[in-house]
Every structure is written in C-alpha cells, then in structure tokens.
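Report on one structure; see the data block that follows.
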Amino acid sequence: MSLIEVSNLTRTYDLGDVVVHALRGVSLSIDKGELVAVMGPSGSGKSTLMNMIGCLDRPTTGRYVLDGVDAGALSRDERAELRSQKIGFVFQGFNLLPRTPAIENVELPLSYAGVKHAERRRRSMEALQTVGLGDRQRHMPSQLSGGQQQRVAIARALVTGAPLLLADEPTGNLDSRTSDEIMGLLVRLNEQRGVTVVMVTHEADVAAYAARTIVFKDGLISSDAANPTRRRPD
C-alpha cells in the first residue's frame, strides 16, 4: 500500500530575472515499509522533492498524497499538523538543542503536540532505548559523540510514532564506521518496526543500504531501480 503518491509534480521559483524549474513533472510512488535512497547532483531537484514530501513546501502544479491525504491542497497550518502526525526528520547537522539533555531533545515534538509530561518522558525514554541510548538520557549533546547525537536525532524523529522518516544526508557528518552503524540502525527500524525511510545521500555506499534508489537530474527522475546487491548491517 502506498504511503507517498506524487503525480506530475512541478515546482518553479520566480527569482525576478530568473525562473528556476526545480521539478519538471515528477511522478513516483513509495509504499509503506520501503527504504528508499534519493540521489543526484546539486541542483537536480532531490532536495526540492524532499521539501514537498516533508510538507515544507507546496507544488506549483501536480499532486502529492501522503497516507491518503492530498497534502498539496492543505493550508500552511494544516500541512504543519499533518507533518507533526506523519513525518519524523533527521538532518545532517543533528539539530539538537545544545544546552538541553538528550531526553528533553527527544521530547520536543511531543511538547509541541501538547502531550503531558509523564507521557512525554515515558515515550522519549522508550525511543532512546530503541536507538541504544537509554543510559545517556541526561547527557548534553556536547557529551555525546557524533554518532550518538545522530541517534538522539533519530529517537526524536521516532517518538511521535510517525510512519515516515525523512533523512537528509544522515551520515554526512560522520566517519565511515559510525555511518555504517547509523545505517544499520535505520535498516533495523525499517525492517523490524515498519518505518518507511526516505533519505537523500551523495554517498553510493550509504545508498547501497536502501532497497531502492531514485536518481534525479535536471528536475526529473533519471532512474528508479531496486538494488539487487543491497548492503546488510553487520
């Protein structure tokens, strides 16, 4: 069953003297439970597509349906509500509050959603245990390694129970060994918990963990194929 349905999506930016056609009529479908890598050179349209899928922007034309909801037809506030219910985000730079302990960083989406403190704490602790950091809940980001900070960020993305995790260069700031650990975690979350993962990456060895790779060029999909030699976590 499809979680993401994109039909003839275009996005044009009018920059005054220049009109940028970031997406030129993209159509794709991503099923629930897939792990998909999105690749392409800078300016190819992949980041614009991720902004659309993440309900951070609206298409110029075309249609985007997320879990049965026509996201492109929603107001800004309605998109924000859908985003909070359906999507968790993981960024290259972790985006943790530096003076806030791990468990409170994980709690943030639940705080914004108005979840009561005791329930926030319970769910956040469970999310940290899921990513292997149950014993680091009171540590500040500066007391954690890069890989541990990214695990906190993944726990934060998972804590709402959203079915979709969008990861933008999730290993970009990590060494190769830690990158493999983070990708192993994402694979396990995908296979064991059924979380749909869509990640942007420039690294072929990271994309190799995905079951499917979509490559963008000049605002269009240049290839979309299953990965027959998919890497497995150690």
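None of the figures in this text is laboratory data; all of them are computed from the coordinates on show. Predicted, not measured: the structure shown is a model, and the values here were computed from it. Glycine gets a Cβ as well: all are built from the backbone with ideal geometry, and neighbour counts include every protein chain shown.
Of the GluC sites (Glu not before Pro) in region 171-234, the ones in a loop by DSSP (not H, G, I, E or B) with at most 16 other beta carbons within 10 Å are 203. Entry note: the chain has Rg to Rh equal to 0.97, where both radii use alpha-carbon atoms and Rh is the Kirkwood radius.
The angle separating the long axis of helix 117-130 from the principal Cα axis of greatest extent in the chain is about 80 degrees. Between residue 227 and residue 85, the distance separating the two model label sites (each 7 Å from Cα on the Cα→Cβ line) works out to 3.2 nm.
What value, in deg cm²/dmol to 500, does the helix sum -39500 (n - 2.57) over DSSP H runs of n ≥ 4 give at 222 nm once divided by the residues of the chain? Mean residue ellipticity at 222 nm (helix-derived): -10500 deg cm²/dmol. Label zone of residue 95 (point 7 Å out along Cα→Cβ, amide N under 19 Å): in region 175-204 this covers 183, 186, 196-202. Please give the Cα centre distance for region 109-157 versus region 52-85, rounded to the nearest Å. What the calculation gives is 27 Å, centre to centre. Pairwise inverse Cα distances across region 1-116, averaged and inverted, put the Kirkwood hydrodynamic radius at 16.0 Å. The residues neighbouring residue 202, those whose beta-carbon lies less than 10 Å from its own, together hold a net charge of -1 under the Lys/Arg +1, Asp/Glu -1 convention.
Panel order for 209, 112, by other beta carbons found within 10 Å of each beta carbon, from fewest to most: 112, 209.
One decimal place: the segment residue 220-residue 13 gains 72.9 nm when fully extended, by the rule 0.36 nm per residue minus the C-alpha distance.
What does DSSP give for the chain in terms of the percent of beta bridges that are antiparallel, rounded to the nearest 5? Expressed as a percentage, antiparallel bridges in the chain total about 55.
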